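Taking it in order: structure first as structure tokens, then the write-up.
The values are calculated or read from the model by the stated rules, or taken from the named source; none is laboratory data. Being a predicted model, the structure only gives us computed values, none of them experimental. We place every Cβ from the backbone using ideal geometry, glycine too, and count neighbours over all the protein chains shown.
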Amino acid sequence: MFKKTHVLLTLVLLVIFSLAGNVLPGQHQAAAKEKHNKTLVMGTSADYAPYEYIDTAKGNKIIGFDVDVARHIADKLGYNLVIKDMDFNGLVPALDAKRVDFVMAGMTPNAERKKKVDFSNTYYKAKQLIVTNDPKIKKIEDLKGKAIGVQLGSIQEKEAKKIADKVDNVTIEKRNKVPDLVQEIMSKRFNAAVIEDGVAIEYLNKNPDLSSFVIPGSASAGSAVAFQKGSDLTEKFNKEIAAMKKNGELDQYAKKWFEPKTEKKAEKKSIVDFSTIMPSIPYILKGILTTLKFVVVSILLGFVLGTILALFKISKVNVLRWGADAYTSIFRGTPLILQLLIIYNATPQLTGYKIEPFLAGVLTFGLNSAAYVSEIIRAGINGVDKGQREASMALGVSYGSMMRQIILPQALKNILPALMNEFITLTKESAIIAVIGTTDIMRRAQIVGADTYRYFEPLITAGIIYYLMVMALTVLGRMLERRMSRGD
């Protein structure tokens, strides 16, 4: 039975890895038609409408002002455009690690960023607004004793600090994404947020409770394209930006994306209204495939490596035993999200290898799971009656054959419930990979929230999907337990 299971797991692993070798849905977006022979990869944070965002009701496509400008310039330079979506504060590190060729995300070329990357000339200038749902906040002085939000790593942080220097008792809160800021305002955790005017338009049009005013003297340094230090693309982009300004093409794109909507503001909706996200449900469901690929590969990697570690832990060779114990101590003693960020961000820095989000996630969860699985399997092996080993040795059965054919099958039968519990935990924790831009179920639910400005409904939908997956895994575990108890 153990041999059959081993063969089946090996076949499944090969199939999953072959699938994982393909581009995952939504992980990056290429030009619809391969018009040119060369490709440019653009990094962005697709939660910054109307600069760049995903219209989840219509599919997986990233659209917006920056996308139109980037596609126009890439085409003029003879390149196809590929877009990679990630958190805003991860864009400069991605550029530095050469995961992307350039970044367009409404980014302002401040002095700190210029130390790490090169910038083009500005292609759009904007002003900074105070956005709030408190009718009593109408000027900067009204922010006294209030909490204001800003996007982490953005130019708005400096504007908020200027306000805090002028007004007493102002608390500055930071979030990864602009939609998070708006959600915090609507939840009354923040009193206001500093948001660029071009971005704020979308929120003001769709949220009747929100109002805004311009921060005096807040004229932005403008948005520019970021490049790797010394990139020859900088001058090429500058020439195209100058040409677009001269012939009015930049103005046309700005008019398309930044002019306020003329229609009436939306009426207030009920507190819970799933009809608002119904067109985006298929978009969330597409994340199931990504999550399943990730979970299956991580489980198999964790099981195989965990078995090896368990054998090391019961070995009579001190070095192997100490090494396995140290491994378990490290991975069990540090946060999972820390391990993920170290593998994803540090690998390019240390090795020069541009590790992809999917591979980084699989390695992190597989290595982490192995630490827990090794303890489960070790306990299972030690739980097998010693008489089994003594009888095997008396019959002259080699140590390897004894483990494969006698000890491990019995141990697996005893520890199956504990293993299934570990795999269920891994399935739920897989949502963490959303932080590195992998478009799994959780990431897609967050994107829908950013697109519709409602978070309860998409997050509950994601929760239902995860619950059904866990229930399916629970049923599978019980079926395996019954089968193994019959000795099949």
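Is there a residue in the stretch 436-457 that is surrounded by fewer than 19 Cβ atoms within 10 Å (Cβ to Cβ), of a type outside the set (Ser, Thr, Tyr) and under 23 Å from the mean Cα position of the chain (by Cα)? Yes: one or more hits. Of the residues making up the stretch 44-63, those that are surrounded by fewer than 24 Cβ atoms within 10 Å (Cβ to Cβ) and touching an Asp or Glu at 6+ places or on another chain (Cβ under 8 Å) number 6. When residue 187 is tested against (1) in contact (Cβ under 8 Å) with a residue 24 or more places away in the chain; (2) assigned by TED's automatic domain parsing to the domain that holds residue 164; (3) of a type in the set (Gly, Ala, Ser), only condition (1) is not met.
Could we say that residue 184 is crowded, with 16+ Cβ neighbours inside 10 Å, under 25 Å from residue 86 (Cβ atoms) and out of contact with any helix residue (DSSP H, G or I) (no Cβ under 9 Å at 6 or more places or on another chain) here? Steps first, answer last, please.
Numbers: crowded, with 16+ Cβ neighbours inside 10 Å: yes; under 25 Å from residue 86 (Cβ atoms): yes; out of contact with any helix residue (DSSP H, G or I) (no Cβ under 9 Å at 6 or more places or on another chain): yes.
Spelling it out, residue 184 is indeed crowded, with 16+ Cβ neighbours inside 10 Å, under 25 Å from residue 86 (Cβ atoms) and out of contact with any helix residue (DSSP H, G or I) (no Cβ under 9 Å at 6 or more places or on another chain).
For residue 103, the conditions (1) touching a Lys or Arg at 6+ places or on another chain (Cβ under 9 Å); (2) of a type in the set (Val, Ile, Thr); (3) modelled with pLDDT of 80 or more all hold with the exception of (1). Screening residue 239 with (1) under 30 Å from residue 184 (Cα atoms); (2) surrounded by 13 or more Cβ atoms within 10 Å (Cβ to Cβ); (3) without any contact (Cβ under 8 Å) to a residue 60 or more places away in the chain gives one miss only, at (1). Kindly indicate whether residue 73 is under 24 Å from residue 454 (Cα atoms), assigned by TED's automatic domain parsing to the domain that holds residue 249, more than 17 Å from the chain's Cα centre (by Cα) and among the aliphatic types (A, V, I, L, M). Considered against the rule, which asks whether it is under 24 Å from residue 454 (Cα atoms), assigned by TED's automatic domain parsing to the domain that holds residue 249, more than 17 Å from the chain's Cα centre (by Cα) and among the aliphatic types (A, V, I, L, M), residue 73 comes out as no.
Please report, ordered by residue number, the helices (runs of 4 or more DSSP H) entirely within the stretch 347-464 with at least 2 residues that are in contact with an Asp or Glu (Cβ under 9 Å, 6 or more places away or on another chain). Result: 347-351, 357-383, 408-429, 441-452.
Considering only the stretch 125-136, I want to know if a residue exists there that is closer than 27 Å to residue 234 by Cβ, surrounded by fewer than 20 Cβ atoms within 10 Å (Cβ to Cβ) and either touching a residue at least 12 places away in the same chain (Cβ under 8 Å) or in the same structural domain as residue 42 (by TED's automatic domain parsing) (or both). I'd like the intermediate steps shown before the answer.
Going residue by residue through the stretch 125-136, those that are closer than 27 Å to residue 234 by Cβ are 125-128.
Filter once more, so that each one left must be surrounded by fewer than 20 Cβ atoms within 10 Å (Cβ to Cβ): 125, 127.
Remaining after also requiring either touching a residue at least 12 places away in the same chain (Cβ under 8 Å) or in the same structural domain as residue 42 (by TED's automatic domain parsing) (or both): 125, 127.
Within the stretch 125-136 (the criterion being closer than 27 Å to residue 234 by Cβ, surrounded by fewer than 20 Cβ atoms within 10 Å (Cβ to Cβ) and either touching a residue at least 12 places away in the same chain (Cβ under 8 Å) or in the same structural domain as residue 42 (by TED's automatic domain parsing) (or both)), the answer is yes, since at least one residue qualifies.
When the residues of the stretch 82-122 are filtered to those that are small (Gly, Ala, Ser) and assigned to a loop (DSSP other than H, G, I, E, B), the one that is surrounded by the fewest Cβ atoms within 10 Å (Cβ to Cβ) is 97.
Quickly run through the stretch 129-169 and pick out the residues that are in a helix (DSSP H, G or I) and under 16 Å from residue 179 (Cβ atoms). The answer is 156, and nothing else.
Inspect all residues belonging to the stretch 206-221 and state whether any of them is within 21 Å of residue 445 (Cβ to Cβ) and assigned to a helix (DSSP H, G or I). Before the answer, list the steps.
To start, the set of residues in the stretch 206-221 that are within 21 Å of residue 445 (Cβ to Cβ) comprises 206-207.
Still in the running and assigned to a helix (DSSP H, G or I): 206.
Yes, the stretch 206-221 contains at least one residue that is within 21 Å of residue 445 (Cβ to Cβ) and assigned to a helix (DSSP H, G or I).
What pairs can you find where one residue is in the stretch 413-424 and assigned by TED's automatic domain parsing to the domain that holds residue 381, the other is of a type in the set (D, E, K, R), and their Cβ atoms are less than 8 Å apart, with a gap of 6+ or different chains? Matching pairs, first to second residue: 416/481; 417/481.
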